[in-house]
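Heads up, the thing below is written out as structure tokens.
None of the figures in this text is laboratory data; all of them are computed from the coordinates on show. Here the structure is a predicted model, which is why all the values come from computation and not from measurement. No Cβ is skipped: glycine too gets one built from the backbone with ideal geometry, and neighbour counts run over all protein chains shown.
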Amino acid sequence: MAGMAGRLEPHLQALRRELPGPAVLSVLLALLVVAVTILIWRAVQGRRSSRRAVLLLGLCDAGKTLLFARLLTGKYRDTQTSITDSSAVYRVSSDKSTNVTLIDLPGHESLRLQFLERFKAAARAIVFVVDSVAFQREVKDVAEFLYQVLVDGTVLKNAPALLIACNKQDVTMAKSAKLIQQQLEKELNTLRVTRSAAPTSLDGSATGVPAQLGKKGKDFDFSQLPMKVEFVECSARGSKGEEGDADFEGLEKWLAKVA
Amino acid sequence: MLDFFTIFSKGGLVLWCFQGVRGPAATAPVNALIRSVLLQERGGNNSFTHEALTLKYKLDNQFELVFVVGFQKILTLTYVDKLIDDVHKEFRDKYRNEFQQKGALGLLNGTFDFKDDFMRLLRDAEESSKVRAPTVMKTFEQSLKSQKTVKCMIETRGEKPKEKVKTKKNKGSKKEGAEAVTASGKASVGEKQQPSPAGDREELTKDEILQKNREEFFRRHMKAGEKSSKSPKPEVQKEKGKKPRVWDLGNSNAKVLDYSNPATNGSAEACPAEEFDPDRALGDRNREPGRLYDLEYESEDEAEEEKVLQNPSKPSVKKGGLGGMFGMLKGLVGSKSLTREDMDPVLEKMKDHLIAKNVAAEIAVQLCESVAKKLEGKVMGTFTTVTSTVKQALQEALVQILQPQRRVDVLRDVMDAQRHRRPYVVTFCGVNGVGKSTNLAKISFWLIENGFSVLIAACDTFRAGAVEQLRTHTRRLNALHPPESHGGRTMVQLYEKGYGKDAAGIAMEAISYARNQGFDVVLVDTAGRMQDNAPLMTALAKLIAVNAPDLVLFVGEALVGNEAVDQLVKFNKALADHSMAQTPRLIDGIVLTKFDTIDDKVGAAISMTYITSKPIVFVGTGQTYCDLRSLNAKAVVAALMKA
């Protein structure tokens, strides 16, 4: 200890000779302040960028905006095709302390990928809303969008929990969640093959071959994905029409679990 | 009078709605408006027709609201624009607090009780349109006619032509004087007086001959032709020389009809030598005889023009210097909302940039208009400049346009057709020389690689060598993928019936042949045709209407500029006109060829997708079988926006 101090002494004396006394202290103080600021800033950044968002995705007319309104206020609202995203903080009712940010993204073909790009990094969970009535007609489009979401690099890396909400169950012709699951698995199975065989993109962009979905050789199954996938039936409009409540206890429970 | 009036947020929540007289639900027409206008960047003009309704809309970009009014198409209501503006202002002022609150929750929880205000505004607007009294006719005393004197209105026939002749004569004499002056200046050149021919010219008067010769002489020697001197000549001639017409052919004398100047034609010594100026004729004395010089590159002229153009723009920059600096600071720090004047110079520059990148001119204009509409009134964030905001918005708009509006997965659809045991028919159409046959071969190679068998129908029965070209491709493809490696079946076959036959008939036979033989895909190659050629367009429309292909691909080259708009519009129109069905088959997709010949002038992609709103299915980047790509929207937009 003394030896070290002895070795340092000449250096300190040299320093003191170089600079006037108070300047050394002020320089050290300034450096300290800067270091502390950087640490605080990093901490704040870290907290802000933690993934606290639940994204509502789906095709056009699936019922995302109505679901968004119902979850937040419980009231029925008329809706039009969304052109931009809406976000609000949602308090999970059972546990008052946690809250998540619900983000409703537009489903139109020209916009969906752009908004997904913007918000995918912040996604803690994804709710994929499916129109159960029009599903038979739209199965290929639903599967394509779902495929695009699932093979995305960021989504694969973060593996947010995925809930497929089969909406519009109040209509009698609506398909059940089981049927939808089976159909989607079959469709995604075919899509794996056709998408990887598509002509390569113009640039030869970084994703030379799109990521393989599920296991090779075996038929595609939602259990093969790195994230947890659940299917739930719900109805944003509610069986009693516009005045009554929406039927989505399954959805609320899942949100509580995920938050 | 109005059918409905809705106010909704851009996020999709309807804030307030007014259902008019007997209107049906407003959602369907408004959705159609959103999908076809706002999302396809056609927001230039603010009205849109959907079935029986006309919809007018206004965007509020500050609070992200949309105001839409719908009324019957047959009515022409003049107060609608003013009504929208008034409602916009009132609504915004009344509910400013809800909007400035935390975004969506404010919209969700707020109750927008706007009915009374709206009815009041509507009543005001309707009354203001009725108030204008019918215009009263002016009485005779008020008109100008009663103030003219009687004398000046009387026209006398005889006076006018004389005045005209006098003035012409004055002009003529003045011109002669001018000529005399310049003639004396040119005395050094030599004698210029042409010998006035005495003999044959009895018909023309002497001074007319003199004048005529003088004019010829000066026309040859002076660069700036005195054209005005010619105009009095015909008039003077008409007045004076009424030549007697000699109709009897027997009496026509060759000499009478010979008006040529004997001085110049014939006798060589009478031809004045000084007319031929060797310097002027040969030009540059220093040139080597017999050598062909290159085209001179005039770079200094262009540089001068640029300097001239830049100078006027500089003073305007200097003028706005001080104000601009304060404005910039204000923009950096506070919340500044964008106005049209701020955006106009930036948009002009972006428009020129897009046109330089080969986007069709009218599309660039419409795009910039739409972006301006979207950004007007928007509040910029801190530390963002107008340029960056506009560029960002334009980039988003371009990516939006290039995103396909429907699924682009040919293999998936082929699999579907395979399951139903029918062939998947693809038709290629386009103008001459864009690469239809080449890209057809590339696409058949890709399909074979994926295990589908292809039948190529040679419906180009016009161009010499078209069938042989496809036969060569078939042979090559079969050599690359022999039947042995695919379980004994030939992967590609050509169906052709020679030249000169009807293309639609060949296509139909080819499809039924494919169905019998179990081919998976039929690729129909048609002859190239100009979009203005009506009979050929009819023939193409007939081929497509009769055979009902699964996919109609328009092949366009990436080199095309403004022509792309015309080609696509006319092709679609022809297909729509000649189809008997309710929903005619239009172009389903675009193949963009010769993409390797353009470096980053990729604007043709934008023009084509904007016009048809159909996706670009394939991109051709060369002439070998592997040069087939799919479109990457982000890469194309990056290349477009790159400086």
Past the 29 Å Cα-Cα mark, which pairs from B:391/B:614; B:10/B:573; A:216/A:257; A:64/A:186?
B:10/B:573; A:216/A:257
How many nm is it between the label spots at residue B:517 and residue A:221, if each spot is 7 Å from the Cα in line with the beta carbon?
4.3 nm
Under a Cβ-Cβ cut-off of 9 Å, what is the net charge of the residues other than residue B:453 that fall near it, where Lys and Arg count +1 and Asp and Glu count -1?
0
Residues whose modelled amide H sits under 5 Å from the amide H of residue B:589, counting only those 5 or more places away in sequence or on another chain, are B:552, B:554
Separation between the residue B:630 and residue B:74 pseudo-spin-labels, each 7 Å from Cα along Cα→Cβ, expressed in nm?
4.9 nm
Are there trypsin sites (Lys or Arg not before Pro) in segment B:344-450 that DSSP marks as loop and that have at most 16 other Cβ atoms within 10 Å, and which are they?
B:406, B:407, B:421
In nm, to one decimal, how far is the modelled label at residue B:82 from the one at residue B:480, with both set 7 Å along Cα→Cβ?
6.8 nm
Contour minus Cα-Cα distance for residue B:542 and residue B:489 (0.36 nm per residue):
15.8 nm
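Calculate the FRET efficiency for residue B:148 and residue B:216 from the Cβ-Cβ distance with a Förster distance of 41 Å, rounded to the nearest 0.05.
Once rounded, the FRET efficiency stands at 0.30.
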Give the order of B:149, B:526, B:49 when sorted by the count of other beta carbons within 10 angstrom, beginning with the fewest.
B:149, B:49, B:526
In the neighbourhood of residue B:68 defined by beta carbon distances under 9 Å, the net charge of the other residues (Lys, Arg +1; Asp, Glu -1) is +2
